[in-house]
Every structure is written in structure tokens, then in C-alpha cells.
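Colleague: Starting off with a structure, shown below.
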Amino acid sequence: MDGLRFIKLKIAVQEIIDHIGIRDYDYAREKLAAATDMLDDILDHSVTDEDVLEAGHYSALLEQLRKKSGMNN
């Protein structure tokens, strides 16, 4: 898979963390929804075990951020 997708996801996750840090939960939740969609797209097009493994790490991280931002599933 093109590593660019993971780089974009990493940037989005950092934005979420930054906005949770400044208590801008509305924006964090908006970015979290977009990052979740991005992760779903990555998983849909993953062809290697490494891609799936890396996506799993992001999935766990996004779940923790969802809890921190007050966003319920």
C-alpha cells in the first residue's frame, strides 16, 4: 500500500490530539470522524499483513481518542 495514506492518517491523528489538548472537542470529534473514514478506506484496500497490522494500531489509538473527546460510538 502507498505509505502516503498512513502519513495522512498520522497527521490527522496528531491534529485530533492537539485539539483535545486545547479542549476543542467539537473540532476533535469532526477530525476523528474523518480519520475513522480514512482508516476504513485504508483497511478496505490493504493487501499486506503489515498494512493490516499498522491499521490495527491506528484503530486502537482512534478508539482511545474517541473516549477522550467524549465521542460515543
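Colleague: Taking the Cα-to-Cβ direction at Ile22 and at Asp49 and moving 7 Å from each Cα, how far apart do the two end points lie in nm?
Modeller: 4.3 nm
Colleague: Now a separate question. Per residue, how much accessible area does the chain have with a 1.4 Å probe, in Å²? Intermediate values should be presented prior to the final figure.
Modeller: Values: 4840 Å² over 73 residues.
About 66 Å² of surface per residue is accessible.
Colleague: Determine Rg/Rh for the range 2-67; Rg is computed over alpha-carbon atoms and Rh is the Kirkwood hydrodynamic estimate from the same atoms. Show your work: numbers first, answer last.
Modeller: Working: Rg = 11.8 Å, Rh = 11.9 Å.
Radius of gyration relative to Kirkwood radius: 0.99.
Colleague: Among Ala28, Ala60, Ala12, which one moves the most in a GNM of the chain with springs linking Cα atoms closer than 10 Å?
Modeller: In the Gaussian network model the winner is Ala60.
Colleague: Starting from the residue with the highest accessible area, list Leu61, Leu9 in decreasing order, probe 1.4 Å. Write down the numbers at each step before the final one.
Modeller: On the way: Leu61 65, Leu9 0 Å².
So, going from the largest accessible area down, we get Leu61, Leu9.
Colleague: Tell me, what is the percent relative contact order of the chain, built from C-alpha pairs under 8 Å that lie six or more residues apart?
Modeller: Numbers: 52 pairs, mean separation 25.9, N = 73.
Relative contact order, the chain: 36 percent.
Colleague: Modelling each spin label as a point 7 Å along the Cα-to-Cβ direction, I'd like the Asp40/Ile11 distance in nm, to one decimal.
Modeller: Each label point lies 7 Å from its Cα, and together they span 2.2 nm.
Colleague: Using a 1.4 angstrom probe on the protein heavy atoms only, line up Ile20, Ile7 by accessible area, largest first. Each step should come with its number before you reach the end.
Modeller: Numbers: Ile20 30, Ile7 95 Å².
Of Ile20, Ile7, the descending order of accessible area is Ile7, Ile20.
Colleague: Rounded to the nearest 20 Debye, what is the dipole magnitude of the range 2-67 about its Cα centre when Lys and Arg each give +1 and Asp and Glu each give -1 at the C-beta?
Modeller: On the way: 8 positive and 15 negative charges, 74 e Å.
Dipole about the Cα centre, nearest 20: 360 debye.
Colleague: Here's another thing I want to ask about it. Report, to the nearest whole %, how much of the accessible area of the range 2-67 belongs to carbon and sulfur atoms, 1.4 Å probe, protein only. Walk me through the intermediate numbers first.
Modeller: Working: 2290 of 4230 Å².
Carbon-and-sulfur percentage of accessible area, whole number: 54.
The values are calculated or read from the model by the stated rules, or taken from the named source; none is laboratory data. This structure is a prediction, so every number in the text was calculated from the model and none was measured. Glycine gets a Cβ as well: all are built from the backbone with ideal geometry, and neighbour counts include every protein chain shown. Areas reflect the complete protein model, heavy atoms only, side chains present, ligands, DNA and RNA absent. Shrake-Rupley method; radii C 1.70, N 1.55, O 1.52, S 1.80 Å.
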